[in-house]
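First the structure, in the form of structure tokens, and then the observations on it.
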Amino acid sequence: MKMRKRTVALVALLLALVCVSVPIFLYLLSGGNRRVKLIVVGKTSTTTVEFWRSVHDGMAEAAGDFNVEYEFVSMPDESDVEGQKQLLAQAAKSSPDAIVWIAADYEMAEEAAALSETGIPFVLMDSDVNFTGGSKKSFVGTDNYAAALAAGLRAGDGRYGKKAAILVHAG
């Protein structure tokens, strides 16, 4: 249980660092001379999920501190993939300096390619998409495959006795 709390805390810390570092990075890129524009395309409303509200609040505060024009847009429900596709296209049309994209579906490679063709740098956060290269600069989140592999190896290494259970949630 202690390890799980540390892992959750570490993931939260890494995401918080991204929230704060993106506006700072944009500010530094501009040389501090012009107001840069950052759009975050989320996968669910910041009013319904506390975690995303914290992400939004951290980015908004950092954006204010570093003179970054910041906008967070999302659908009310993260299962609205078509809605996110529209929001992403609208965000790209407004020509921001960068986009942080919290993808609603891994299979949004076409949207990633279209975004990449605009030349707008983008960072994927929390959820990756099946796309590499282009103007995709980074993915910040948990590698669930590696996490599950590590959990399986640890569960079977004998340190917890001869029995182990693994709970899996496939959403």
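Can you tell which of VAL41, VAL55 is more than 17 Å from LYS137 (Cβ to Cβ) and under 13 Å from the mean Cα position of the chain (by Cα)?
VAL55
Those residues that are under 15 Å from LEU38 (Cβ atoms) and without any contact (Cβ under 8 Å) to a residue 40 or more places away in the chain, I need them from the stretch 125-136; list them, please.
SER135
From the set of residues in the stretch 28-47 that are more than 20 Å from SER94 (Cβ to Cβ) and open to solvent by 90 Å² or more (accessible area, probe 1.4 Å), which is modelled with the highest pLDDT?
Out of the qualifying residues, it is THR47.
I'd like the residue in the stretch 48-89 that is touching a residue at least 24 places away in the same chain (Cβ under 8 Å) and among the β-branched types (Val, Ile, Thr) and, out of all such residues, is most open to solvent (accessible area, probe 1.4 Å).
For the stretch 48-89, the residue satisfying everything is THR48.
Kindly indicate which of PHE139, PHE122 is in contact (Cβ under 8 Å) with a residue 12 or more places away in the chain, within 19 Å of THR44 (Cβ to Cβ), open to solvent by 50 Å² or more (accessible area, probe 1.4 Å) and not hydroxyl-bearing (Ser, Thr, Tyr).
Matching residue, one of PHE139, PHE122: PHE139.
Would you mind telling me which numbered condition in (1) hydrophobic (A, V, I, L, M, F, W, C); (2) at pLDDT below 80; (3) loosely packed, with under 13 Cβ neighbours inside 10 Å LEU14 fails?
Checking LEU14 against (1) hydrophobic (A, V, I, L, M, F, W, C); (2) at pLDDT below 80; (3) loosely packed, with under 13 Cβ neighbours inside 10 Å, the one that fails is (3).
Taking the stretch 98-111 as the search range and keeping residues that are touching a residue at least 40 places away in the same chain (Cβ under 8 Å) and not β-branched (Val, Ile, Thr), which one is surrounded by the fewest Cβ atoms within 10 Å (Cβ to Cβ)?
ALA98
Using the structure shown, decide if ALA114 is open to solvent by less than 60 Å² (accessible area, probe 1.4 Å), over 26 Å from THR47 (Cα atoms), aliphatic (A, V, I, L, M) and in contact (Cβ under 8 Å) with a residue 24 or more places away in the chain.
yes
Take the stretch 136-159 and flag every residue that is farther than 15 Å from VAL123 by Cα and either among the acidic types (Asp, Glu) or in contact with a strand residue (DSSP E or B) (Cβ under 9 Å, 6 or more places away or on another chain) (or both).
ASP143, ASP157
May I ask you to verify whether ALA92 is over 14 Å from the mean Cα position of the chain (by Cα) and open to solvent by 30 Å² or more (accessible area, probe 1.4 Å)?
The answer is no for ALA92.
The values are calculated or read from the model by the stated rules, or taken from the named source; none is laboratory data. Quick caveat, the model's predicted, so the values are computed rather than measured. Counting neighbours? That spans all protein chains shown, and the Cβs are built from the backbone with ideal geometry, glycine included. Surface accessibility is based on the protein's heavy atoms, side chains included, excluding ligands, DNA and RNA. Shrake-Rupley method; radii C 1.70, N 1.55, O 1.52, S 1.80 Å.
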